[in-house]
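A quick write-up on the structure given underneath.
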Amino acid sequence: MDPPAGTFEQIVLPHLDAAYNLARWLVRDPSLAEDVVQDAAVRALNYFSSYKGGDARSWLLRIVRNTAYTTMAACRQGVTASLDDDEHPALEIADTADDPEAALGRVQSVARLDEALAALPPELRECLVLHELEELSYKQVAHITGVPIGTVMSRLWRARRALIGRRAEGDPR
Amino acid sequence: MTDNECAEMRLLVQADVDGELSPHDAAGLAAHLEHCEGCTTLQEQLVSLSARIRQDVPYHKAPDRLRAAVQARIAAAKPANDNPPPRWRRLARPMVPFGGGFALAACLALLFLVPSGAELPDAVVSDHIRALQPGHLMDVVSTDQHTVKPWFDGRLDFAPPVKDFKAEGFPLAGGRLDYIAGRPAAALIYERRKHLIDVYVWQAPGRSDHDPDGGSRNGYNFLHWTKDGMSFWAVSDLGADELADFVKLWRAG
């Protein structure tokens with residue numbers, strides 16, 4: 001349970017950009033994303049004994065992803081808003097995570113690609129971010145998001161269909 | 001892309017663009033693309049979208065202060081655990097303290113490492129244990145079911161049944177929103193002497209009703225049943241018999 005300092009840091013710190021990028025795209029708020037990464041790093045330290053070597057980035061990203069979902073759930077509860085008068089836009093986050101269909105509807109009217117990506121439901125958004133920005137394989141994305149490869153494929157397809165189908169894209173399906 | 005054959009083809013087209021297709025399948029797809037305009041258009045759209053995402057969508061690099069903060073947190077976490085958590089962690093409190101027992105940590109690890117359907121008992125029991133950590137037990141504290149029930153409205157897209165069994169010795173203590181294995185869930189908290197019972201409720205559309213079955217994990221007993229398209233899990237450190245009595249009461253109430 002208590003691996004030596006150097007080893008853990010050598011394994012985790014090189015993937016901090018990937019961790020922050022995923023957290024940022026999931027919670028969509030810079031300071032909340034930093035909190036997520038910090039907390040995920042501490043969790044990772046706790047679970048370091050479960051790390052069996054190999055793909056460290058996927059191992060860390062899976063923890064970051066689950067931490068981000070816990071945070072988003074806490075925000076959805078409004079707990080952050082009521083107990084912590086910070087700058088975190090908890091309600092904004094609550095807004096889109098609730099209804100995937102409404103979120104997909106919003107995507108249709110967003111002109112800028114990065115904004116459209118941000119408006120996708122989180123389970124679709126994370127697949128695109130991991131595959132396109134992090135350049136991970138279907139298998140790695142499946143491992144990180146905890147779903148079968150087939151689900152990753154269909155989520156990628158739904159995410160891309162929504163982005164291609166936007167009015168801004170000009171030539172919908 | 002309404003054509004049935006193409007509907008199946010589109011995931012292949014996508015996999016090809018993503019570099020995930022075996023040479024054999026790629027050859028088959030190439031043959032299809034030669035005479036299918038719809039799939040060829042789709043392929044072009046996917047390639048173009050992929051290029052634009054990589055070009056136009058920002059990759060957020062970790063700020064230097066975050067890197068420093070993570071190093072400080074790791075360093076601080078190792079020798080001792082007396083450092084107070086940052087402000088937001090007091091709210092979500094998803095971590096076991098470092099001094100916590102190995103079993104607890106291992107149990108929590110399950111929550112994050114195996115959130116699949118087959119491991120639901122682990123996820124539910126882990127969440128129950130996590131909820132017992134200070135500050136995370138209840139979002140709404142009320143012994144009145146008419147306060148707890150409306151509290152869930154607007155926070156969930158279904159209406160979990162809320163019942164109180166004070167007269168029978170299982171008073172309702174409050175409610176909480178949770179996120180278990182990737183889905184939002186209502187948690188109802190009941191008291192039994194010094195013990196706590198969590199009843200988790202989430203939507204399970206299309207699932208037929210089934211009577212409770214149960215088991216135990218790490219010394220916690222659980223019972224699971226399905227009714228009216230909702231999945232129910234009762235978890236507690238109460239004895240299995242007493243938990244069964246409670247569930248019987250709950251289902252009859």
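The values are calculated or read from the model by the stated rules, or taken from the named source; none is laboratory data. Note that the structure is a prediction, hence the values are computed from the model and not measured. Cβ atoms come from the backbone with ideal geometry, glycine included; neighbour counts cover every protein chain shown. Side chains are part of the model used for accessible areas, which takes the heavy atoms of the whole protein and leaves out ligands, DNA and RNA. Shrake-Rupley method; radii C 1.70, N 1.55, O 1.52, S 1.80 Å.
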Top-ranked residue of segment B:193-204 - restricted to ones that are crowded, with 19+ Cβ neighbours inside 10 Å and without any contact (Cβ under 8 Å) to a residue 60 or more places away in the chain, ranked as nearest to the other protein chains (Cβ to nearest Cβ): B:TRP202
Of all residues in segment A:108-135 being under 12 Å from A:VAL152 (Cβ atoms) and touching a Lys or Arg at 6+ places or on another chain (Cβ under 7 Å), the one that is nearest to the other protein chains (Cβ to nearest Cβ): A:GLU123
Spans of helices (runs of 4 or more DSSP H) in segment B:1-95 with at least 2 residues at pLDDT 90 or above and farther than 18 Å from A:MET153 by Cα: B:23-35, B:37-56, B:64-77
Residues within segment B:1-42 that are surrounded by 14 or more Cβ atoms within 10 Å (Cβ to Cβ) and under 18 Å from A:TYR138 (Cα atoms), tallied: 13
Residue list for segment A:98-134, filter: surrounded by fewer than 18 Cβ atoms within 10 Å (Cβ to Cβ) and not in a helix (DSSP H, G or I): A:ASP98, A:ASP99, A:SER109, A:ALA111, A:ARG112
Checklist (1) modelled with pLDDT of 90 or more; (2) open to solvent by 10 Å² or more (accessible area, probe 1.4 Å); (3) within 17 Å of A:LEU26 (Cβ to Cβ); (4) small (Gly, Ala, Ser) applied to A:SER137, failing item: (3)
The listed residue being modelled with pLDDT of 80 or more and surrounded by fewer than 17 Cβ atoms within 10 Å (Cβ to Cβ), out of B:PRO134, B:PRO171, B:PRO160: B:PRO171
Residues of segment B:50-62 that turn out to be touching a helix residue (DSSP H, G or I) at 6+ places or on another chain (Cβ under 7 Å) and either open to solvent by 30 Å² or more (accessible area, probe 1.4 Å) or more than 7 Å from chain A (Cβ to nearest Cβ) (or both), as a count: 7
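Could you say whether any residue in segment B:224-238 is small (Gly, Ala, Ser) and open to solvent by 50 Å² or more (accessible area, probe 1.4 Å)? Talk me through it step by step, then tell me what you get.
Start the filter on segment B:224-238 by keeping residues that are small (Gly, Ala, Ser), which leaves B:229, B:231, B:234, B:236.
Then keep just the ones that are open to solvent by 50 Å² or more (accessible area, probe 1.4 Å); that gives none.
No, segment B:224-238 contains no residue that is small (Gly, Ala, Ser) and open to solvent by 50 Å² or more (accessible area, probe 1.4 Å).
Within the group A:ALA44, A:ALA19, which residue is within 18 Å of A:LEU133 (Cα to Cα) and of a type in the set (A, V, I, L, M, F, W, C)? Walk me through how you get there before you give the answer.
Details: A:ALA44 fails: within 18 Å of A:LEU133 (Cα to Cα).
Among A:ALA44, A:ALA19, only A:ALA19 is within 18 Å of A:LEU133 (Cα to Cα) and of a type in the set (A, V, I, L, M, F, W, C).
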